[in-house]
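Q: Here you go, one structure.
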Amino acid sequence: MTIALMVMAVLLWCWLLLSCLPAGAEAHMPMPYLIALIPLLWVPSLALAAISACVHAWTPLVAFMLTAVASVARLWPYWAPTHTRETVRETSSGAATEPRTARSLRVMTVNCRYGRADAHAIVREVRQRHIDVLATQETTDDLVERLREAGLDSLLPHRQLGTSRPTDNGGYNALFSRFEPSRSAANLIDIPAADVPSMTVDLPTSADTQSTGNTRAYHVTLASAHPKSPMRGCPEWSAGIRGLSAIADLAERESNGIGVVMGDLNSSIEHPSFRSLLANGLHDASRTQATHAVVTFPSWLTWPHIELDHVLFTNGLRPSKVESFRIDGTDHYALTATLTLE
């Protein structure tokens with residue numbers, strides 16, 4: 001029994017270590033799915049620890065307890081706000097600048113499951129939650145028409161759709177905005193997945209009027225993204241996730257530019273490809289808010305859930321009120337966040 005328990009402990013630790021692979025190395029079936037389940041390994045670990053205690057196998061007991069702790073270790077930052085410096089612009093001396101005025105965007109993203117999501121439910125949530133920008137994935141022409149009939153155009157009159165292609169995974173991506181964009185594109189960047197439509201909204205914030213008498217506008221470029229799922233091609237899945245870092249590069253090259261990526265990214269903090277994306281200039285709203293992990297999939301189960309949908313942003317924004325909720329007709333929870341200019 002002790003030998004069998006030790007073998008199980010070794011297997012669980014090998015499973016955990018999949019998350020430590022270099023970005024892209026996990027792009028082989030079934031590793032993306034195994035990695036996604038790592039935060040749930042505490043369940044079998046504690047069960048096996050209890051069995052170890054019953055048979056007085058103390059070495060396996062310690063191994064299983066450590067496995068349980070390690071399986072949830074990456075989730076700790078979701079409850080520990082340690083990202084203050086990430087969410088404010090800094091002066092050349094490194095001191096955080098105090099915002100004189102701030103403007104907020106209330107954003108929402110939802111995977112519409114082949115266009116089957118309840119259009120009236122989406123419009124109701126947009127209205128009740130005062131959404132400024134809505135991002136949808138797995139969008140279809142029929143869903144766009146049902147959203148129009150449900151009254152979305154009166155709330156978010158400006159829209160940018162991605163181009164529908166045979167290679168789309170479940171449908172195209174789309175953006176709907178309350179504010180008229182200064183520019184938009186059907187495909188902001190090329191990744192091996194559905195088009196990444198974008199809108200740029202100019203949000204003014206007061207400059208030092210005593211010295212300049214001018215106002216300064218931040219150019220917030222919002223994109224709706226949906227990298228391929230691993231079952232549609234693991235290499236394309238990883239490349240699509242990591243390729244979204246180009247949006248951070250575009251924002252960095254623009255004066256007062258800020259980038260926001262919303263959507264079903266088919267990945268979580270456990271995936272090396274997703275952590276590579278964060279390391280290249282994007283911050284996760286729920287992780288930065290640090291009040292709890294905001295899970296988004298699957299909607300049909302009470303438990304367990306994982307986080308696949310995200311609101312990511314570059315420096316210059318502060319997230320708050322990040323939450324998920326159910327929309328009838330789709331297998332993902334919708335995700336909302338308030339993004340406030342710093």
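Q: All but one of (1) on the phi < 0 side of the Ramachandran plot; (2) assigned to a loop (DSSP other than H, G, I, E, B) hold for GLY281, so report the exception by its number.
A: The one condition GLY281 does not meet is (1).
Q: Something else: Of all residues in region 142-167, which are free of Cβ contacts under 8 Å to residues at least 24 places away in the same chain, among the charged types (D, E, K, R) and surrounded by fewer than 17 Cβ atoms within 10 Å (Cβ to Cβ)?
A: Of everything in region 142-167, those that are free of Cβ contacts under 8 Å to residues at least 24 places away in the same chain, among the charged types (D, E, K, R) and surrounded by fewer than 17 Cβ atoms within 10 Å (Cβ to Cβ) turn out to be GLU145, ARG148, ASP153.
Q: I've got another one for you. Return the residues of region 189-204 that are hydrophobic (A, V, I, L, M, F, W, C) and either part of a strand (DSSP E or B) or open to solvent by 50 Å² or more (accessible area, probe 1.4 Å) (or both); say none if nothing qualifies. Steps first, answer last, please.
A: Pass one, region 189-204, residues hydrophobic (A, V, I, L, M, F, W, C): 189, 191, 193-194, 196, 199, 201, 203.
Correct list: MET199, VAL201, LEU203.
Q: Follow-up. Is it true that some residue in region 327-342 is among the polar types (S, T, N, Q), outside any strand (DSSP E or B), crowded, with 18+ Cβ neighbours inside 10 Å and under 14 Å from the mean Cα position of the chain (by Cα)? Break it down into steps so the answer makes sense when it comes.
A: Of the residues in region 327-342, the ones among the polar types (S, T, N, Q) are 330, 336, 338, 340.
If we keep only those that are outside any strand (DSSP E or B) as well, we get 330.
Okay, now just the ones that are also crowded, with 18+ Cβ neighbours inside 10 Å, so 330.
Within this subset, residues satisfying the condition of being under 14 Å from the mean Cα position of the chain (by Cα) are none.
No: zero hits.
Q: Taking region 125-170 as the search range and keeping residues that are among the basic types (Lys, Arg), farther than 24 Å from PRO230 by Cβ and not in a helix (DSSP H, G or I), which one is nearest to the chain's Cα centre (by Cα)? Even if it seems obvious, please write down each step before you answer.
A: At the first step, the residues of region 125-170 found to be among the basic types (Lys, Arg) are 127, 129, 146, 148, 159, 165.
Add one more test, that the residue is farther than 24 Å from PRO230 by Cβ, and what stays is 127, 129, 146, 148, 159.
Those left that are additionally not in a helix (DSSP H, G or I): 129, 159.
Values: ARG129: 19, ARG159: 21 Å.
Per the stated criteria, the residue is ARG129.
Q: What are the residues in region 224-251 that are farther than 17 Å from GLY281 by Cα, part of a helix (DSSP H, G or I) and open to solvent by less than 20 Å² (accessible area, probe 1.4 Å), if any? So that I can check it myself, show each step before the final result.
A: Step one: list which residues in region 224-251 are farther than 17 Å from GLY281 by Cα, which gives 224, 226-238.
Subsequent filtering for residues that are part of a helix (DSSP H, G or I) retains 230-232, 234-238.
If the condition is that a residue be farther than 17 Å from GLY281 by Cα, part of a helix (DSSP H, G or I) and open to solvent by less than 20 Å² (accessible area, probe 1.4 Å), then PRO230, CYS234, TRP237, SER238 are the ones that fit.
Q: Listed residues GLY259, GLY263; which is crowded, with 24+ Cβ neighbours inside 10 Å, under 23 Å from HIS305 (Cα atoms) and of a type outside the set (Asp, Glu)? Break it down stepwise before answering.
A: On the way: GLY259 fails: under 23 Å from HIS305 (Cα atoms).
Answer to the selection: GLY263.
Q: Please verify whether region 252-269 includes one or more residues that are in contact (Cβ under 8 Å) with a residue 40 or more places away in the chain, on the phi < 0 side of the Ramachandran plot, assigned to a helix (DSSP H, G or I) and more than 18 Å from the chain's Cα centre (by Cα).
A: yes
Q: Here are the criteria: (1) open to solvent by 20 Å² or more (accessible area, probe 1.4 Å); (2) within 13 Å of the chain's Cα centre (by Cα); (3) within 17 Å of VAL107 (Cβ to Cβ). Tell me which single one PHE297 does not satisfy.
A: All conditions pass for PHE297, except number (3).
Q: Something else now. Can you tell me which residue is most open to solvent (accessible area, probe 1.4 Å) among those in region 301-318 that are touching a helix residue (DSSP H, G or I) at 6+ places or on another chain (Cβ under 6 Å) and modelled with pLDDT under 95?
A: ARG318
Q: Among the residues of region 174-188 satisfying the criterion of being polar (S, T, N, Q) and more than 22 Å from ARG127 (Cβ to Cβ), which is surrounded by the fewest Cβ atoms within 10 Å (Cβ to Cβ)? Lay out the reasoning, then the answer.
A: Step one: of region 174-188, the residues polar (S, T, N, Q) are 177, 182, 184, 187.
Going one step further and asking which of them are more than 22 Å from ARG127 (Cβ to Cβ), we end up with 182, 184, 187.
Numbers: SER182: 13, SER184: 20, ASN187: 18.
Result: SER182.
The values are calculated or read from the model by the stated rules, or taken from the named source; none is laboratory data. If you're wondering where the values come from, they're calculated on a predicted model, not measured in any experiment. Neighbour counts run over all protein chains shown; Cβ positions are idealised from the backbone, glycine included. Surface accessibility is based on the protein's heavy atoms, side chains included, excluding ligands, DNA and RNA. Shrake-Rupley method; radii C 1.70, N 1.55, O 1.52, S 1.80 Å.
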